[in-house]
1. Could you go through segment 128-135 in sequence order and give the Karplus-derived ³J(HN,Hα) for each residue, using 6.51 cos²θ - 1.76 cosθ + 1.60 with θ = phi - 60°, rounded to whole Hz, and x for Gly and Pro?
2. Could you work out the relative contact order of the chain, using alpha carbon pairs under 8 angstrom and six or more residues apart, expressed as a whole percent?
3. Please turn the phi angles of segment 161-177 into ³J(HN,Hα) values with the Karplus equation 6.51 cos²θ - 1.76 cosθ + 1.60 (θ = phi - 60°), one per residue in order, whole Hz, x for glycine and proline.
4. So how far apart, in nm, are the two label points at Ser69 and Leu239 if each is 7 Å from Cα heading toward Cβ?
5. Under the definition of Cα pairs under 8 Å and six or more residues apart, what whole-number percent is the relative contact order of segment 64-157?
6. Where both residues lie in the chain, what percent of DSSP beta bridges are antiparallel, nearest 5?
7. Efficiency by 1/(1 + (r/R0)^6): what FRET value for Arg140 and Arg248, r their Cβ-Cβ distance, R0 = 25 Å, to the nearest 0.05?
8. Kindly identify segment 202-289 as rounded, prolate or oblate by the Cα gyration tensor criterion: order the square roots of the eigenvalues as a ≥ b ≥ c, call it rounded if a/c is under 1.5, otherwise compare a/b with b/c, prolate if a/b is larger, else oblate.
Amino acid sequence: MIWVLGARGLLGSELLPALDRAGLKVFGTGREVDIGDPRALADFSRGKAFSWIVNCAAYTAVDKAESDSAACFRVNAEGPANLGRLAESLGAACLHISSDYVFDGRAREAYREEDEPNPLSVYGKSKAEGERALRKACPRHVILRTAWLYGSKGQDFVSSVLEVLRSGAEAKAVADQVGSPTWSRDLALAIAAIVSGPSGLQGTWHYAGSGAASRYEFAWAIRDEASRLGLLSGSCHVLPAGSAAMGRPAPRPAFSALSTEKIGRIPGIRLRPWREGLAEFLALKRVNA
Ligand SMILES: NC(=O)c1ccc[n+]([C@@H]2O[C@H](COP(=O)([O-])OP(=O)(O)OC[C@H]3O[C@@H](n4cnc5c(N)ncnc54)[C@H](OP(=O)(O)O)[C@@H]3O)[C@@H](O)[C@H]2O)c1
């Protein structure tokens, strides 16, 4: 039996059906089981035999976190510690999602699992602390770092760009941040493969769309694919911007592409170029429109 926390978020809402399709028995919980509250976690788990606890819950408001540090750390750092201790006491393994924002962005090639985190923002620091806390609390852990998630739930980069372009306005996207766009469904399938199979995966891993793009290139790819599929009409444009001009409170790494070479060697884990995932996501969006 698998317990997914953060089940109604961008990733969690893709993960539940993916686990279901893999034939696994799943419990999904949202905010009603607060990961910052050890007693609430213990109460919910009582009498249930979990093999995996999968944490998709997080404080993800990256800019707000700069002025809301205590709340952010409570969820992103204390949360994984609480879950790790609980998993250990129940004899379960714990899979936790972390972020490319644990890195400072000074690398020249895609970050590998063994590269040293050096987060720039409160959010990034809280995610790095969550990783450390989980490693300490629960030896049977998997930390999956991912990046630039988009999907059918929530206000992500893809939906924001489409919304602006549909309104007839020009979209602006930063050209000085490079990362690995990742469809939440691809990540959900990778998680399902890990928890359902005999992969024996442990430790820290990276999973993201293969390759890298700036936010500006990503926005153009959204525009081009959506136009090709008839989701956008007329001519619409994306303009490049600089991070400084966007005036965002939280600093972001200039380069946070993730190397997926290591996880790509695990049987049953599918990786694909980020643009291929985007094309399939938008094609599905057209079918469901
Ligand atoms: N989105 C990205 O681009 C991105 C990139 C890299 C890594 N990640 C990581 O990927 C994971 C999934 O992110 P996501 O994009 O799916 O985030 P999301 O859409 O914001 O979902 C997070 C979920 O956590 C829930 N939550 C917040 N505080 C909670 C608490 N105290 N107790 C229980 N649940 C709580 C939220 O509930 P409500 O719905 O009620 O708010 C939300 O449903 C996170 O670990 C995130 O750090 C995300």
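1. 5, 5, x, 4, 4, 5, 5, 4
2. Relative contact order here is 21 percent.
3. Running phi through 6.51 cos²θ - 1.76 cosθ + 1.60 with θ = phi - 60° gives 5, 4, 4, 5, 5, 5, 6, x, 7, 7, 8, 10, 9, 6, 9, 10, 10 Hz.
4. That separation, rounded to one decimal, is 3.5 nm.
5. Normalised by residue count, the contact order of segment 64-157 is 40 percent.
6. DSSP beta bridges in the chain are roughly 5 percent antiparallel.
7. 0.10
8. Oblate.
Throughout, read-outs are computed from the coordinates displayed, never taken from laboratory work. No experiment lies behind these values; they were computed from the predicted model shown. A quick note on method: Cβ atoms are made from the backbone with ideal geometry, for glycine too, and the neighbour counts reach across all protein chains shown.
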